[in-house]
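Some notes on the structure that comes next.
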Amino acid sequence: MDLSYTLEQDAFRAEIRSWLAANKPANPLVTLECREGYDQHVAWERQLASGNWGMVTWPEAYGGRGLDLIQWLIFEEEYWGSGAPLRANQNGIFLLGPTIMEYGTEEQKARFLTPMAAGEVIWAQAWSEPGAGSDMAAIKTTAYRDGDHYVINGQKTWSSRASFADWGFGLFRTEEGSQRHKGLSFVLFDLDTPGITRRPIRQLHGHPGFAELFFDDVRVPVENRLAGEGEGWKVAMATAGFERGLMLRSPGRFQATARRLVELFRKHEADAAPSAREAVAKAWMDTQAYAYNTYAVAAKIMAGGSIGAEASLNKIFWSELDRAMNRTAMQLLGAAAELRRFDDGSMNDWLEGYIFSLSGPIYAGSNEIQRNITAERLLGMPRVGAG
Amino acid sequence: MDMLIAPERLELAEAVRDYLSGTHGPEVLRRLDAGPNRDPAIWQGLVEMGLTGLLVPEEHEGLGMGLLDAALIARECGRAALAEPLVDSAFVAVPWLLAQDQTDDLAAIAAGEQRVLPAHTINGWQADGDGEALDSVDPLRNLSALPADASDDPHLLDLGALMSAAQLVGLAEAMLDQAVEYSKIREQFGQPVGGFQALKHKLADVAVALEFARPVAWRAAQAMDDGAASAPVHVSHAKIAATDAAFLAAESAIQVHGAMGYTYEVDLHFWMKRAWALGGAWGSRAFHLKRVDDAVIGGALAIGPEHTFA
């Protein structure tokens with residue numbers, strides 16, 4: 001264990017800090033969940049790529065910088081610390097990207113990773129179906145082989161970013177008559193392929209952040225399949241591991257929220273409840289604990305280890321921590337909590353943050369599913385009945 | 001920057017774990033509870049492993065290891081609910097003596113011939129001291145009245161709090177293990193009770209609390225070893241996180257055991273009582289929360305994503 005950064009790491013931190021200071025949008029962008037905001041965020045994604053900051057851990061050949069996970073964490077700390085916008089392509093760079101890196105062919109890596117890092121292709125994910133939410137192995141949408149194409153029929157839902165994105169990735173049943181985890185394949189598809197209908201779904205906050213996708217004889221080339229036919233579940237679990245375990249929610253984002261919460265508390269200190277004071281101290285403690293744990297996971301991966309079922313512990317922790325911090329802010333704001341804009345005209349980011357935080361314990365596998373995984377796979381508790 | 005504990009550093013702690021699980025099981029706790037609750041043979045075994053000299057510098061016949069190594073072994077002492085005052089003497093008092101350049105007794109301490117039992121005003125008692133006896137809920141703790149010359153040195157307090165946090169991690173881990181094992185064998189409604197989600201989710205919450213208490217404790221130990229100015233804040237964070245995890249583990253474990261958990265017959269109570277004791281020792285929750293509060297809300301510590309290791 002060594003709690004100090006190297007000179008090289010310090011220099012890297014200084015480099016990203018100064019780039020962000022010079023290039024970060026001067027004003028907050030409109031929310032990513034609507035058309036106008038999506039376009040602004042994609043433009044920012046391309047500006048990041050122009051500075052070669054799209055995905056620093058990827059090899060240079062694919063638009064990355066070939067850096068290690070500690071440098072990625074430093075990048076993330078500076079990124080979120082500077083107040084830079086959300087990443088429009090997070091489904092691509094943090095979930096699909098590492099999965100392609102592990103399972104893709106050289107041809108697929110060149111074809112998909114480079115435009116992903118450049119922000120030229122924005123990705124949506126398509127896991128859930130109306131009858132397959134927490135029980136993802138209940139997937140029914142089929143992609144049966146017809147020569148050198150799959151023909152997709154069925155329906156996906158809660159597809160993040162799909163209202164506006166360019167491409168999607170998901171799990172489809174490629175073997176007729178197959179059941180549960182078997183016979184599924186991981187397929188990438190252009191969202192503008194004939195036969196795909198997108199129906200944006202209005203979310204709690206009023207914006208169409210996700211969509212339903214209807215597939216009607218959608219023809220997708222077989223070379224868009226990642227890994228072998230029928231190996232989709234294994235690939236999807238790897239993606240989920242990245243999602244829950246390391247990349248999707250880096251600690252910097254929550255540490256920045258904790259700092260904003262401390263600042264909010266200082267403004268409201270005179271009329272704050274004693275419980276809020278403890279909640280604010282706890283926000284710092286828990287975000288720090290999450291950061292230490294993430295640094296340890298990164299070091300473990302760098303030493304040749306992998307992320308296992310402990311990713312579920314992570315997902316439970318960050319999602320419930322985020323909700324608790326935003327709830328504390330709502331309580332501190334009191335009567336102003338419901339205002340979309342404060343008296344001074346600034347956006348009430350805490351309201352947006354609180355609403356968004358309610359989705360954390362649901363998406364990427366509900367926290368109930370994560371608790372089952374924790375109990376059964378980490379603790380070894382019995383799998384019996386419906387439990 | 002490396003938050004990984006090197007495998008070779010874990011080896012000694014793992015050897016201690018194996019040794020204690022082989023020689024210091026629940027039957028030993030029951031024997032100690034029934035008779036004299038200190039056993040020279042157990043102490044001698046710890047001495048022979050070199051643990052009394054773990055933090056004593058090599059020139060004084062010790063192993064010259066660091067506070068992180070000691071914290072990893074304190075965790076094992078918690079896991080075994082060890083009654084002998086190894087942690088207090090070798091991991092709390094020794095580094096405190098070293099910090100004051102008091103080296104006269106170190107060789108005797110390393111050899112196991114002498115113990116130094118720390119007395120700090122924050123506790124109001126001394127463990128394994130010579131004063132008038134006090135009655136602890138933990139039958140394996142020997143408390144006595146605080147001596148008049150007790151210290152109020154914050155450095156001693158930090159060492160005591162850090163090593164309590166490490167023991168609490170081990171205590172919580174042991175209680176979680178006991179609850180999981182019991183949930184596999186106790187059957188109701190025709191199945192092991194551990195198959196019910198209500199119990200799975202309860203114990204999953206303990207696993208989460210532990211996962212995010214452990215790195216805090218190790219980071220605090222390293223910060224103290226480094227002599228970092230911010231170390232006291234990280235020690236307080238560790239004490240709070242470990243205490244909360246241990247109380248959650250205790251309450252969840254007794255619930256999983258049902259009425260059996262409320263008996264003296266089931267082993268759980270030894271661990272639970274030690275957790276209650278150490279949770280309040282070396283600074284209450286209020287004390288440690290105030291130190292975090294002063295640093296974070298008071299502004300003494302740089303916070304936010306750019307300051308993870310401030």
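The values are calculated or read from the model by the stated rules, or taken from the named source; none is laboratory data. The structure presented is a predicted model; accordingly, all values stated were derived computationally and were not measured. Note that each Cβ is placed from the backbone with ideal geometry, even for glycine, and that neighbours are counted across all protein chains shown. Ligands, DNA and RNA are stripped out before the accessible areas are found, and what is left, the full protein with its side chains, is counted by its heavy atoms. Shrake-Rupley method; radii C 1.70, N 1.55, O 1.52, S 1.80 Å.
Listed values, structure above:
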quantity: When residues of the stretch B:152-182 are limited to those that are of a type outside the set (A, V, I, L, M), farther than 30 Å from B:Ala198 by Cα and surrounded by 24 or more Cβ atoms within 10 Å (Cβ to Cβ), the one farthest from the other protein chains (Cβ to nearest Cβ); calculated: B:Gly160
quantity: Filtered residue count, the stretch B:1-19, keeping only those that are more than 14 Å from chain A (Cβ to nearest Cβ) and touching a helix residue (DSSP H, G or I) at 6+ places or on another chain (Cβ under 6 Å); calculated: 2
quantity: Scope the stretch B:130-154; condition under 23 Å from the mean Cα position of the chain (by Cα) and either within 15 Å of B:Trp96 (Cβ to Cβ) or at pLDDT below 95 (or both); matching residues; calculated: B:Asp130, B:Ala150, B:Ser151, B:Asp152, B:Asp153, B:Pro154
quantity: Considering residues of the stretch B:213-228 that are open to solvent by 10 Å² or more (accessible area, probe 1.4 Å) and outside any helix (DSSP H, G or I) only, the residue nearest to the other protein chains (Cβ to nearest Cβ); calculated: B:Ala228
quantity: Out of B:Ala209, B:Ala231, sole residue that is among the aliphatic types (A, V, I, L, M), within 17 Å of the chain's Cα centre (by Cα) and open to solvent by less than 40 Å² (accessible area, probe 1.4 Å); calculated: B:Ala209
quantity: Residue list for the stretch A:291-315, filter: more than 9 Å from every other protein chain (Cβ to nearest Cβ) and of a type in the set (A, V, I, L, M, F, W, C); calculated: A:Ile301, A:Ile307, A:Ala309, A:Ala311
quantity: Count - residues of the stretch B:47-65 that are assigned to a helix (DSSP H, G or I), open to solvent by less than 40 Å² (accessible area, probe 1.4 Å) and of a type outside the set (Ser, Thr, Tyr); calculated: 3
quantity: Failed criterion for B:Ala110 (all others in (1) of a type in the set (Gly, Ala, Ser); (2) farther than 22 Å from B:Ala246 by Cβ; (3) surrounded by fewer than 22 Cβ atoms within 10 Å (Cβ to Cβ) hold); calculated: (3)
quantity: Any hit, the stretch B:301-308, residues being surrounded by 21 or more Cβ atoms within 10 Å (Cβ to Cβ), without any contact (Cβ under 8 Å) to a residue 40 or more places away in the chain and within 22 Å of B:Gly160 (Cα to Cα); calculated: no
quantity: Residue check for A:Tyr103: in contact (Cβ under 8 Å) with a residue 24 or more places away in the chain, open to solvent by 20 Å² or more (accessible area, probe 1.4 Å) and touching a strand residue (DSSP E or B) at 6+ places or on another chain (Cβ under 7 Å); calculated: yes
quantity: Residue satisfying condition, being away from chain B (no Cβ under 12 Å) and either open to solvent by 30 Å² or more (accessible area, probe 1.4 Å) or in contact (Cβ under 8 Å) with a residue 40 or more places away in the chain (or both), within set A:Leu332, A:Leu378, A:Leu321; calculated: A:Leu332
quantity: Filter result for A:Trp58 (in a helix (DSSP H, G or I) and more than 14 Å from chain B (Cβ to nearest Cβ)); calculated: no
quantity: Lone qualifier among A:Ala124, A:Ala118 - being open to solvent by less than 40 Å² (accessible area, probe 1.4 Å) and either free of Cβ contacts under 8 Å to residues at least 40 places away in the same chain or farther than 16 Å from A:Ala61 by Cα (or both); calculated: A:Ala124
quantity: Selection within the stretch A:145-181 - more than 23 Å from A:Trp123 (Cα to Cα) and open to solvent by 30 Å² or more (accessible area, probe 1.4 Å); calculated: A:Arg145, A:Asp146, A:Gly147, A:Asp148, A:Glu175, A:Glu176, A:Gly177, A:Gln179, A:Arg180, A:His181
quantity: Candidate set from the stretch A:335-375 (those that are among the aliphatic types (A, V, I, L, M) and either part of a loop (DSSP other than H, G, I, E, B) or touching a residue at least 40 places away in the same chain (Cβ under 8 Å) (or both)); member that is farthest from A:Ile307 (Cα to Cα); calculated: A:Leu339
quantity: Unmet criterion (only one of (1) open to solvent by 40 Å² or more (accessible area, probe 1.4 Å); (2) under 21 Å from A:Asp286 (Cα atoms); (3) aromatic (Phe, Trp, Tyr)) for B:Phe196; calculated: (2)
quantity: Residue match in the stretch B:94-103 (condition: of a type in the set (S, T, N, Q), open to solvent by 50 Å² or more (accessible area, probe 1.4 Å), in the same structural domain as B:Arg31 (by TED's automatic domain parsing) and more than 25 Å from B:Phe270 (Cβ to Cβ)); calculated: yes
